[in-house]
Amino acid sequence: MEPVFPIVAQKSALPGLFEQSPVDLRAWLDERKQPPMRIKQVRRWILEGRAESFEQMSDLPKGLRADLADCFAPLTTRIERHLKAEDDTHKLLLRLADERMIECVLIQEPPRRTACISTQVGCGMGCVFCASGLNGVARNLTAAEILEQLVRLRNLTPPGERLTHVVVMGMGEPLANLENLLEALEIAGDKDGLGIGARHITISTVGLPAKMRRLAEAGKQYHLAVSLHAPNDRLRTRIVPTNEQTGIDAILEAADAYFEKTGRQVTYEYVLLGGLNDSAHEAHELATLLQGRKAHINLIPFNDVEGLPYRRPTTDGLAEFIGVLKQSGLSVKVRKRKGSEIDAACGQLRRTVEAQSVLANRTP
């Protein structure tokens, strides 16, 4: 691991620029006798020009730059920690305006530069293997807080480079914050935004059928990934407690509807937990469950998380699981392990820093 030093930017109590509606910004500009075109200029500086202060916006009048700095913050998140792995994976721990923290990750395999972003502070889904939800969910992120993660990660790429892909697989359940997520992705996909095409964006969900159908109705070509993790309701409810309210059948029906509406193949994510859901028996069940569907299976060998009792599958067990699925004619891929030495799985760094803060604040 290459520690890229803790960074604590100057705290700002000012409202964020991206938290303001175009109507409000236009009224603010009108008061200062400035044309509406300034909105586009300022946003372009942040979204395309990598500006993190108004002073950097050199084609704006100096007085306007000063007024903007007095009234707004270009970015409201602060980089609390920045870690870089040997494989050039970056993890940012961002502190929000209310002092809560979230994580996001930049995965670089040129020419692909993929941002993994969060949608909530914590998570309320309760998946037993996930560090993000160990303390539950605090709140949804705003559209601006979601967008700022993309801006912060893009700013880590080499000059002239851009984000090519987005995976919404960080902290939180994306579909539990769907409206704010869609608003942020709309800006990210705009030609005057970050220019990330919808077909290069993957939204992962634990499986909220009504919200999956709502996402389909949005009319976008986002790729949908369903975190399945088990081939039957008994085992899935043990691993994903919210399954008790939904059930696999309803989730698969919603996924089928998504495919029918968008034409986009659905990916089924399956975290392999050694000795729990990784036997040949579960592999055969999974193959039967997905047989005949236009589906892709993304197998994710569990990465050890401090405080959790689960373990990675054995090499032989993983190979057998893959073999069963492939013999059934299913499309299968094993996710590469990236950024392992910086705890790239979301939620781990946040918990570590919070624990350190508690220890530091204890009275001797």
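Observations on the model:
- The range 59-75, subset aliphatic (A, V, I, L, M) and either out of contact with any strand residue (DSSP E or B) (no Cβ under 9 Å at 6 or more places or on another chain) or free of Cβ contacts under 8 Å to residues at least 60 places away in the same chain (or both), residue nearest to R44 (Cα to Cα): L60
- Residue in the range 253-274 that is among the small types (G, A, S), farther than 23 Å from T202 by Cα, modelled with pLDDT of 95 or more and in contact with a Lys or Arg (Cβ under 7 Å, 6 or more places away or on another chain) present: yes
- Screening the candidates A287, A250 for the property of being within 15 Å of G207 (Cα to Cα) and in contact with a helix residue (DSSP H, G or I) (Cβ under 7 Å, 6 or more places away or on another chain) yields one hit, A250.
- Restricted to helices (runs of 4 or more DSSP H) entirely inside the range 178-249, those with at least 2 residues that are more than 25 Å from G136 (Cα to Cα) and modelled with pLDDT of 95 or more are 178-189, 209-217.
- For the range 277-317, filtered to residues that are of a type in the set (A, V, I, L, M) and either assigned to a loop (DSSP other than H, G, I, E, B) or surrounded by fewer than 12 Cβ atoms within 10 Å (Cβ to Cβ) (or both), the residue that is modelled with the lowest pLDDT is V305.
- Which listed residue, of F259, F321, is farther than 15 Å from N232 by Cβ, among the hydrophobic types (A, V, I, L, M, F, W, C) and open to solvent by less than 10 Å² (accessible area, probe 1.4 Å): F321
- Residue within the range 97-110 that is more than 16 Å from L141 (Cβ to Cβ), at pLDDT below 95, buried (at least 19 other Cβ atoms within 10 Å of the Cβ) and more than 18 Å from the chain's Cα centre (by Cα) present: no
- With respect to being without any contact (Cβ under 8 Å) to a residue 40 or more places away in the chain and assigned to a loop (DSSP other than H, G, I, E, B), P159 fits the description.
- Residue within the range 22-35 that is modelled with pLDDT under 95 and over 30 Å from E109 (Cβ atoms) present: yes
- Residue match in the range 165-185 (condition: within 21 Å of A51 (Cα to Cα), free of Cβ contacts under 8 Å to residues at least 40 places away in the same chain and either in contact with a His (Cβ under 6 Å, 6 or more places away or on another chain) or open to solvent by 20 Å² or more (accessible area, probe 1.4 Å) (or both)): no
- Only one entry of S132, S118 meets the criterion of being over 24 Å from E52 (Cβ atoms), open to solvent by less than 10 Å² (accessible area, probe 1.4 Å) and polar (S, T, N, Q), and that entry is S132.
- Among the residues of the range 23-78, those identified as open to solvent by less than 30 Å² (accessible area, probe 1.4 Å) and not in a helix (DSSP H, G or I) are A51, M57, L60, F72, A73, P74, L75, T76, T77, R78.
- Residues satisfying the stated conditions in the range 105-120, i.e. under 14 Å from A144 (Cβ atoms) and assigned to a strand (DSSP E or B): none
- Scoring A97 on the criteria (1) farther than 19 Å from R162 by Cβ; (2) assigned to a strand (DSSP E or B); (3) small (G, A, S) leaves a single failure, condition (2).
- Residue check, G247 under 30 Å from H284 (Cβ atoms) and free of Cβ contacts under 8 Å to residues at least 40 places away in the same chain: yes
- Contacts under 8 angstrom Cβ, first residue in the range 28-49 being more than 20 Å from T76 (Cα to Cα), partner surrounded by 15 or more Cβ atoms within 10 Å (Cβ to Cβ) and of a type in the set (V, I, T), 6 or more apart: L29/I39
- Inclusion of L252 among residues that are touching a residue at least 12 places away in the same chain (Cβ under 8 Å) and either in a strand (DSSP E or B) or more than 20 Å from C130 (Cα to Cα) (or both) is warranted.
- Matching residues, the range 108-156, being among the β-branched types (V, I, T) and either touching a residue at least 40 places away in the same chain (Cβ under 8 Å) or over 18 Å from I196 (Cβ atoms) (or both): T114, I117, T119, V121, V128, V137, T142, V151
The values are calculated or read from the model by the stated rules, or taken from the named source; none is laboratory data. Here the structure is a predicted model, which is why all the values come from computation and not from measurement. A quick note on method: Cβ atoms are made from the backbone with ideal geometry, for glycine too, and the neighbour counts reach across all protein chains shown. Only protein heavy atoms, including side chains, enter the accessible area calculation; ligands, DNA and RNA are left aside. Shrake-Rupley method; radii C 1.70, N 1.55, O 1.52, S 1.80 Å.
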